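Okay, structure first, notes after.
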Amino acid sequence: MPSPAANFRTLDLNLLRVFDAAMAEGSLTRAAATLAMTQPAVSHAIRRLREALGDELFTRTAQGVRPTALAESLWPQVRQALATLRQAIAPGAFDAQRDAVTFRLAMADATAALLVPPLVTAIEAEHAAATLRVLPLTTRDPRRLLQAQAIDLAVGSFPEVAAALRSEGGEPALRQRPLYDTRYVCVMRRGHPLARRAALTLEAYCAAAHLQVSFSGRGVGAVDQALAALGRQRRTVLTVNQFFTAGRVVARSHLLTVLPESFLEATGYRSELAIAELPLALPTVHVGMLWHLRHDADPAHRWLRERVAAAAKPPRASAR
């Protein structure tokens, strides 16, 4: 097979637009819809690019297509080159009603439940042609996902990234924007014996059984670290990675959990839950947006970030 370098002079650069769409969508059918092309035309373009590069580029799966190692390594450079070219040809040009841009946002289930409905309402009101793909957030540090262009925007609380951005030298490839602050509270079912107490003591808290929400599935979190600093520990019976699941389990059990106060509504069980002040100090939860520098000046991405910021509402105070 000829090497990519040997074929560049005769390479049809339009094929790179098709490649970019296929990578972004993970499906040739969805790529065809994004590009307003037929699926056979997209398949033909990918076949031509395969021949030019001497690599399969994609293998078919039940869900769509999976990129090869070469495709994964090429995509960041191809996408950046296309974005640079687009900006050079039409700087500042973005028509929300005409430009069918696909955005990939990563956020926790509770964040999505609170933010996505008003975001969709705003997009519908503008008759925007944008497509949103909301992906599950499985980490408190989405830098690798942003750098690899697996996502365009991360929404949530990212203390590790915030610390890196504040440090000397910072994180030059990333940008962030705060949305709102909330606090951690102890959550339990309304009929829980501890819900009837005037105050939750550290002794009673440590003696109870607990549920932890962890995106990564780790059994130790910020609460355990704070307790360890006090020379105490708790018994975690269950670890889950969704706030909705946490709300449902706690509403039906004797388990306690710790949630950002603004997320209670998103559990779907707010009327069945009680909250108590934690008997230990935890940091404020700073909810914000995080994106890569490559998208900082892109008009379409600026448009998206403004809509996300408008959709993010400060948390309402919760009664016990």
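Residue pairs, Cβ under 9 Å, 6 or more apart or interchain, first in the range 155-168 and surrounded by fewer than 16 Cβ atoms within 10 Å (Cβ to Cβ), second part of a helix (DSSP H, G or I). List them.
The qualifying pairs are Pro159/Ala222; Glu160/Arg143; Ala164/Arg143.
Given the criteria under 20 Å from the mean Cα position of the chain (by Cα) and either over 27 Å from Thr34 (Cα atoms) or in the same structural domain as Arg30 (by TED's automatic domain parsing) (or both), does Ala162 qualify?
Taking the combined requirement at face value, the residue satisfies it.
Of everything in the range 157-174, what is touching a helix residue (DSSP H, G or I) at 6+ places or on another chain (Cβ under 6 Å) and at pLDDT 90 or above? Give them in sequence order.
Answer for the range 157-174, where residues must be touching a helix residue (DSSP H, G or I) at 6+ places or on another chain (Cβ under 6 Å) and at pLDDT 90 or above: there is none.
On the basis of being closer than 26 Å to Leu293 by Cα, at pLDDT below 90, surrounded by 15 or more Cβ atoms within 10 Å (Cβ to Cβ) and of a type in the set (Lys, Arg), does Arg30 make the cut?
In short, no.
Quick check on Ala208: is it at pLDDT 95 or above, within 27 Å of the chain's Cα centre (by Cα) and buried (at least 17 other Cβ atoms within 10 Å of the Cβ)?
So Ala208 does not fit the description; no.
Report yes if some residue within the range 118-137 is of a type in the set (D, E, K, R) and in contact with a Gly (Cβ under 9 Å, 6 or more places away or on another chain); otherwise report no.
no
This table checks each residue for (1) modelled with pLDDT of 85 or more; (2) surrounded by fewer than 18 Cβ atoms within 10 Å (Cβ to Cβ); (3) in a strand (DSSP E or B); (4) touching an Asp or Glu at 6+ places or on another chain (Cβ under 9 Å).
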{"residue": "Leu70", "(1), (2), (3), (4)": "yes, yes, no, yes"}
{"residue": "Pro76", "(1), (2), (3), (4)": "no, yes, no, no"}
{"residue": "Gln80", "(1), (2), (3), (4)": "no, yes, no, no"}
{"residue": "Ala88", "(1), (2), (3), (4)": "no, yes, no, no"}
{"residue": "Pro91", "(1), (2), (3), (4)": "no, yes, no, no"}
{"residue": "Ala100", "(1), (2), (3), (4)": "no, yes, no, no"}
{"residue": "Arg104", "(1), (2), (3), (4)": "yes, no, yes, yes"}
{"residue": "Leu115", "(1), (2), (3), (4)": "yes, no, no, no"}
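In the range 252-293, what count of residues is obtained for those that are under 20 Å from Leu230 (Cβ atoms) and among the small types (Gly, Ala, Ser)?
2
In this structure, is Glu56 part of a loop (DSSP other than H, G, I, E, B) and at pLDDT 90 or above?
yes
Checking Ala274 against (1) at pLDDT 95 or above; (2) surrounded by fewer than 18 Cβ atoms within 10 Å (Cβ to Cβ); (3) of a type in the set (Gly, Ala, Ser), which single condition isn't satisfied?
It fails just one condition, (2).
Among the numbered criteria (1) at pLDDT 95 or above; (2) surrounded by 15 or more Cβ atoms within 10 Å (Cβ to Cβ); (3) not polar (S, T, N, Q), which one does Asp298 miss?
Status for Asp298: all satisfied but (1).
Could you check Ala246 against (1) among the aliphatic types (A, V, I, L, M); (2) farther than 24 Å from Arg197 by Cβ; (3) surrounded by 16 or more Cβ atoms within 10 Å (Cβ to Cβ) and say which number it fails?
(2)
Being touching a helix residue (DSSP H, G or I) at 6+ places or on another chain (Cβ under 8 Å) and either assigned by TED's automatic domain parsing to the domain that holds His301 or basic (Lys, Arg) (or both) is the filter here, so list the residues in the range 57-91 that pass it.
Once the filter is applied, which keeps residues that are touching a helix residue (DSSP H, G or I) at 6+ places or on another chain (Cβ under 8 Å) and either assigned by TED's automatic domain parsing to the domain that holds His301 or basic (Lys, Arg) (or both), the range 57-91 yields only Arg79.
When the residues of the range 271-299 are narrowed to those that are in contact with a helix residue (DSSP H, G or I) (Cβ under 8 Å, 6 or more places away or on another chain) and in a helix (DSSP H, G or I), which ends up nearest to Ala113 (Cα to Cα)?
Applying the filter and picking the extreme gives Glu272.
The values are calculated or read from the model by the stated rules, or taken from the named source; none is laboratory data. Everything numeric in this text was worked out from a predicted model, so none of it was measured. Reconstructed Cβ throughout: ideal geometry from the backbone, glycine too, with neighbour counts over all protein chains shown.
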